[in-house]
Structures are given as C-alpha cells and as structure tokens.
Amino acid sequence: MAASILLAPSLSRFKFLLLRSFIPRLRKPSLISHLANRSLTSPSLKPCTRVATRSVPSFSSRHDVVMLGIETSCDDTAAAVVRSDGQILSQVVSSQADLLVKYGGVAPKMAEEAHALAIDEVVQQTLDNAKLTEENLSAVAVTIGPGLSLCLRVGVQKARRIAGKFRLPIVGVHHMEAHALVARLVNKKVQFPFLALLISGGHNLLILAQSLGHYVQLGTTIDDAIGEAYDKTARWLGLDMRRGGGPALEELALEGDATSVKFSVPMRQHKDCNFSYAGLKTQVRLAIESRNLPTENVPISSASSDDRRSRADLAASFQRVAVLHLEERCQRAMEWALKIEPSIKYLVVSGGVASNRFVRARLNDVAGRNGLELVCPPPRLCTDNGVMIAWTGIEHYLMGRFDPPPPPNDPEDFQYDLRPRWPLGEEYSEGRSVARSVKRARVHPSLTSIIQGSLTQQ
C-alpha cells in the first residue's frame with residue numbers, strides 16, 4: 001500500500017480527494033486511496049501516482065492469484081496464504097491467551113508488544129508451511145481497521161516491508177468485511193446479496209451485503225458486544241479464561257437450568273436491530289452478589305457441588321437471554337433485508353461468538369423460519385485469522401482494487417492510515433437509533449461510501 005493507503009487527511013478534504021482520484025488510469029482505484037494524497041506534516045512525501053506496476057489479472061489467471069493475509073487488529077497475530085481457487089495453503093495464529101488472563105482483558109500496549117515479538121515468526125512459518133517464498137506471492141493483504149491502533153500498526157508495517165522489498169501490490173482490508181466474506185470461501189453457494197450477523201468480543205453487526213464493497217448496516221451495538229458480555233460473565237463466575245470466556249461459559253451452561261434466573265431481554269422496547277449487552281452484564285453481576293457466591297476467590301475447579309450448580313444456572317440463564325436478544329434482532333433484520341432484497345437466501349453468521357454451538361442452533365431455527373439457510377464458517381475461521389484477510393484481499397484484488405508496491409523503506413515520520421473506527425456500511429434509515437452512544441463518532445467514511453463513490457464517478 002503506497003502512501004495513498006496509509007496517510008490520514010482531514011475529512012474536510014474528502015470530497016476534493018475523491019474527485020481528484022478519478023483521472024484516467026490502467027486500473028480501478030484502491031479501496032481507500034480516495035482518502036489520501038500526501039501527509040499534511042510530511043511535505044517530502046509526494047502524492048501517490050497510483051500507476052499499477054502489475055495489470056489487473058486476466059480471466060485466465062484469476063485462479064492463479066496467491067495472497068498473503070496478515071491480521072493484527074486485536075489480540076491474535078495471524079497470517080495465511082490462500083489461492084484464488086479457495087485453497088488454503090497455510091495459516092498460523094499466535095494467541096495472547098496468557099496475557100488476557102494476566103490483565104483481565106486486552107491491554108493495548110502489551111498486545112502491541114506481543115504482536116511485534118510474534119509477527120516475523122508467524123509470517124515466516126506461514127510461508128514455510130505453504131512451501132513458498134515472498135517471490136511466489138501475487139500480493140499482500142493486511143487489516144487496516146477497525147481495531148486497536150497500536151496493534152494494527154504492527155501488521156501494516158510488516159505488510160509494507162514485504163510488499164516494498166518484493167515489489168508486491170498491497171490491499172487494505174476491513175476486518176468486519178473479512179469476517180463476512182470468509183463464508184464465500186468455505187461455501188461457494190453464498191452469492192450476493194446475503195444477510196450477515198457478525199458477532200465477537202468487540203462487535204455486534206447486522207449487515208445486508210448487496211455486492212462486494214456495498215453493505216447496508218441494519219443494526220450494531222450501542223454499548224457492549226455479546227463477546228464482551230460472555231467474557232465478563234465467565235470471569236465473574238470464576239471460569240478458566242485460558243480457553244476463552246465464551247467456550248468456558250458455554251460448557252458450564254450445559255450443566256445448568258436456563259430458566260432458573262429471570263434475566264430481562266435487552267431493548268425489547270426499541271423496534272430496531274441494534275444490540276445492547278451492558279444492562280445484561282449488570283443483571284448478572286447483581287445476581288451473583290445476591291447469591292453470595294464466592295466467585296472472586298474460589299475458581300470453578302475448587303467450587304462445591306452446590307456452588308458449581310448455582311454458577312451453572314447463572315451461566316445457562318445468561319446464555320439463554322443473551323442469545324434470545326440475538327434471535328429477536330435477527331428476526332427483524334431478516335424482515336427488513338427481505339423487503340430490500342427479496343432474493344436473499346443465506347444468513348451468514350461469523351466472528352468469534354459464532355463458534356458457540358448454542359448460538360448456531362438457535363440462529364439456525366430463526367433462519368429456517370424465514371426461509372434462509374444458515375452458513376457459519378468452521379470455528380477456526382470464525383475467530384480472527386489470516387485466511388479471512390487473504391480471501392477478502394483476493395476478492396478485491398480481482399476487481400482491480402489494490403495499491404501499487406510501497407517504497408522499500410518508509411521514512412521514520414511516515415504516517416500510517418490506521419482506522420480503529422471504520423464503519424463497514426451506511427445505516428438503514430429504519431435502523432437509526434436515538435439510543436446510540438458516543439461510539440457513533442466516525443473517524444473515517446464507511447468502506448461502502450468510498451467504493452460506491454468510486455463506482456458512481458467512473
């Protein structure tokens with residue numbers, strides 16, 4: 001990704017830069033090159049000419065693209081090599097589970113240091129496992145947002161070093177789009193348009209995917225995501241967090257009575273598709289305190305049989321209500337989506353929480369009642385991974401949406417365009433909520449608005 005992809009101009013220049021980008025060229029512009037020209041504080045950086053050093057792949061070579069994908073948006077350092085025919089040549093993930101246990105969650109600075117220590121080895125092992133070198137790659141794809149800025153920077157720097165040294169095109173990838181599109185890798189039947197529910201520790205997102213790069217946001221979280229609620233509840237119940245709070249709670253819930261604790265389902269008074277889990281977390285905390293459970297000092301492994309049963313009841317009751325909230329929002333989203341695009345056939349559910357079997361079973365029922373087929377990637381592709389980044393890079397690369405190779409070495413004062421808050425699509429008019437929190441604040445225009453603006457101008 002040349003300077004165009006990794007510089008952040010002010011939004012007041014967006015319209016000018018968007019129009020300036022559409023001079024005649026050999027290929028379509030990059031996903032985000034419309035937002036950048038040169039650094040306001042680094043006059044030595046010249047505007048990117050965006051002249052492709054490689055042409056857009058011809059039809060005969062579309063199955064020969066080999067993409068390296070790099071993912072460092074949060075707490076996993078991941079890389080993968082994927083071929084455009086869908087073959088996964090290799091993938092490697094370095095987990096930060098020990099740090100999560102130590103700090104009780106993601107500590108951005110610690111996560112950045114862990115990424116920096118792991119990234120070279122992860123990428124090299126990925127290439128070795130694929131029996132390839134950088135010379136065999138067609139391009140490099142890397143997550144540029146949303147995520148933690150400190151973590152995103154590690155992956156972007158590594159991708160730029162490889163692309164610059166080996167003169168490879170580079171594709172900036174939207175993390176949430178990658179979660180949605182990986183379903184098209186594992187199930188070739190999934191064609192646009194489709195409905196997607198993306199659920200993880202940091203995100204709850206309902207989108208209508210109309211085409212590549214064109215997404216309508218039907219609903220999002222107004223405070224905490226479901227994955228955060230699972231993790232907090234698991235920690236309060238004294239579960240072993242080394243496996244991840246979600247899997248640990250799901251397993252304990254199998255022992256409990258899901259109707260024993262009467263939690264309220266969030267946001268039933270709001271007739272939209274947005275999510276809220278902050279209130280449910282508070283209900284769980286109060287229920288634990290009212291039962292005087294010694295969860296702070298007694299891990300589940302040391303709990304008495306009665307104590308364990310109480311914790312299991314809480315886990316099961318929490319899970320029932322947390323997932324019921326998903327079901328109700330998905331039901332309304334399906335009604336909206338079918339009104340907009342009557343031809344949709346699939347509900348894609350992806351993200352870390354989509355690994356939960358109870359979640360899958362309940363959403364499969366909802367999808368079936370609405371005539372849709374549920375598609376979930378395998379668990380290893382639901383959590384953050386390099387495969388989804390590589391595949392999304394391939395989809396856009398084949399459309400000509402990539403940047404030319406960056407210079408071999410970036411200046412020390414180079415300003416990377418990292419997008420910690422980067423909306424995927426534009427809000428559906430009926431989905432706008434007055435309950436939205438300060439998280440509405442946008443740093444960047446949505447991916448959809450950028451790409452659709454490009455297509456309109458062309």
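The values are calculated or read from the model by the stated rules, or taken from the named source; none is laboratory data. This is a predicted model, so every value here is computed, not measured. With ideal geometry, Cβ positions are generated from the backbone for all residues, glycine too; neighbour counts draw on all protein chains shown. Remember, those area values only see protein heavy atoms, side chains included, never the ligands or the DNA or RNA. Shrake-Rupley method; radii C 1.70, N 1.55, O 1.52, S 1.80 Å.
Some observations on this one:
- Expected-Rg normalisation [2.2 N^0.38 Å, Cα atoms] applied to region 167-317: 1.28
- Heavy atoms of HIS214: accessible area, 1.4 Å probe, square angstrom to 10: 50 Å²
- Cleavage-rule hits, trypsin sites (Lys or Arg not before Pro), region 91-170, DSSP coil, Cβ neighbours within 10 Å at most 16: LYS131, ARG167
- Surface/4 estimate of mean projected area, convex hull on alpha-carbon atoms of region 267-323, nm²: 4.6 nm²
- Over every Cα atom in region 345-388, the radius of gyration and the widest Cα-Cα span, Dmax, amount to 10.7, 34 Å.
- Alpha carbon centroid spacing (whole Å) that separates region 320-368 from region 257-311: 23 Å
- Couplings 3J(HN,Hα) for region 266-277, derived from phi with the Karplus relation 6.51 cos²θ - 1.76 cosθ + 1.60 (θ = phi - 60°), are x, 6, 5, 7, 9, 8, 9, 10, 7, 10, 8, 10 Hz, where x marks Gly and Pro.
- Here's how it looks for TYR346: its modeled amide H is under 5 Å from those of LEU195, GLU373, which are all 5 or more places away or on a different chain.
- Computed from backbone phi, the HN-Hα couplings of region 236-250 come to 5, 8, x, 7, 6, 7, 5, 7, x, x, x, x, 5, 5, 4 Hz, rounded to whole numbers (Karplus: 6.51 cos²θ - 1.76 cosθ + 1.60, θ = phi - 60°; Gly and Pro given as x).
- Listed peptides 301-312, 221-232 by packing density, highest first (mean Cβ within 10 Å): 221-232, 301-312
- When the P(r) is computed for region 144-196, the part past 17 Å accounts for 52% of the Cα-Cα pairs.
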